[in-house]
Amino acid sequence: MAVAAAPLRYTAPGSSEMSSSAVNNVSPQTSQVSGSAATLQMLANQQYQPYYLRPAYRFKTNTPQLSIDMMADGPGRRLRKNVTNIRRHIDYIANVLNYVEARLWQSGIRDREALQPDILYQNCALPASATLDKPVDCILTKFVRAAMNKVKCPIYSVCWTPEGKRLITGASTGEFTLWNGTAFNFETILQAHDSAIRALKWSHNDQWLVSADHDGFVKYWQPNMNNVHMYQAHKDEPIRSIRYYK
């Protein structure tokens, strides 16, 4: 059997130099035609691209690419699983549901459960409008002024004067501090007790101020801060509340 061999081609010594020189000697018209053809091809490809992928589109927007985890089954959009910037909120629905459910058998005040200051009672909470004292009516939403006493110490009792123009505070050092209710500055400081003042209360006729301290002493004061009477109501026991009997 005879096998035909492929013809061998021999290159001349100067053929490579001639081919390179031929490439370099391409006319400018040929390069211009090839450049215009490439431009037309690029424009043709851009016609089939979306608007946000066109490089020269004047209304270009950075539309985010949706992944499979972010897509939903319906027309909506599912939240991402690793969302960390969700703000904390308070769920009032649980309190309202407790109130609606408790109305069925808690007809009177005695039937209501007493909530203790413990985390175990957080599931039994009620809305503020359903409580007995209704603290929702005492919510203050506007901050007015913060004032600092000359001696930094805890304040255990606060009361307004009968005319409502001055504020009296009882400090842990036993001092009365009289504050101006308009300019928010203190007017005078009086050493009223030897221990911390725990309670302050004005009489019904607004003529007497009664103060009690941590050692069990009770003092009566006139509106001009003149001490009239003092006695020890409880021996070595603090008085934390004062109330006038009608």
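The values are calculated or read from the model by the stated rules, or taken from the named source; none is laboratory data. Model, not experiment: these values are computed from the prediction. Because the Cβ atoms are built from the backbone with ideal geometry, glycine has one as well, and the counts that use them run over all protein chains shown.
One residue alone among Ile189, Ile242 is in a loop (DSSP other than H, G, I, E, B) and under 39 Å from the mean Cα position of the chain (by Cα), and that residue is Ile242.
Output the residues belonging to the stretch 229-245 that are surrounded by 10 or more Cβ atoms within 10 Å (Cβ to Cβ), without any contact (Cβ under 8 Å) to a residue 24 or more places away in the chain and closer than 14 Å to Lys219 by Cβ.
Quick first cut of the stretch 229-245, residues surrounded by 10 or more Cβ atoms within 10 Å (Cβ to Cβ) only: 229-230, 232-234, 237-240, 242, 244.
Filter once more, so that each one left must be without any contact (Cβ under 8 Å) to a residue 24 or more places away in the chain: 229-230, 232-234, 237.
His229, Met230, Gln232, Ala233, His234 - these are the residues of the stretch 229-245 that are surrounded by 10 or more Cβ atoms within 10 Å (Cβ to Cβ), without any contact (Cβ under 8 Å) to a residue 24 or more places away in the chain and closer than 14 Å to Lys219 by Cβ.
For the stretch 126-138, does any single residue satisfy the condition of being within 30 Å of Thr173 (Cβ to Cβ) and either in a loop (DSSP other than H, G, I, E, B) or modelled with pLDDT of 55 or more (or both)? Scanning the stretch 126-138 turns up at least one residue that is within 30 Å of Thr173 (Cβ to Cβ) and either in a loop (DSSP other than H, G, I, E, B) or modelled with pLDDT of 55 or more (or both).
Considering Ala128, Ala171, Ala102, which residue is touching a helix residue (DSSP H, G or I) at 6+ places or on another chain (Cβ under 6 Å) and surrounded by 14 or more Cβ atoms within 10 Å (Cβ to Cβ)?
Ala128
For first residues located in the stretch 156-185 and over 17 Å from Ile242 (Cα atoms) and free of Cβ contacts under 8 Å to residues at least 24 places away in the same chain, partners that are surrounded by 14 or more Cβ atoms within 10 Å (Cβ to Cβ) and of a type in the set (Ser, Thr, Tyr) and lie 6+ apart or on another chain with Cβ distances below 9 Å form the pairs Leu167/Thr161; Leu167/Thr177; Thr173/Ser195; Gly181/Thr161.
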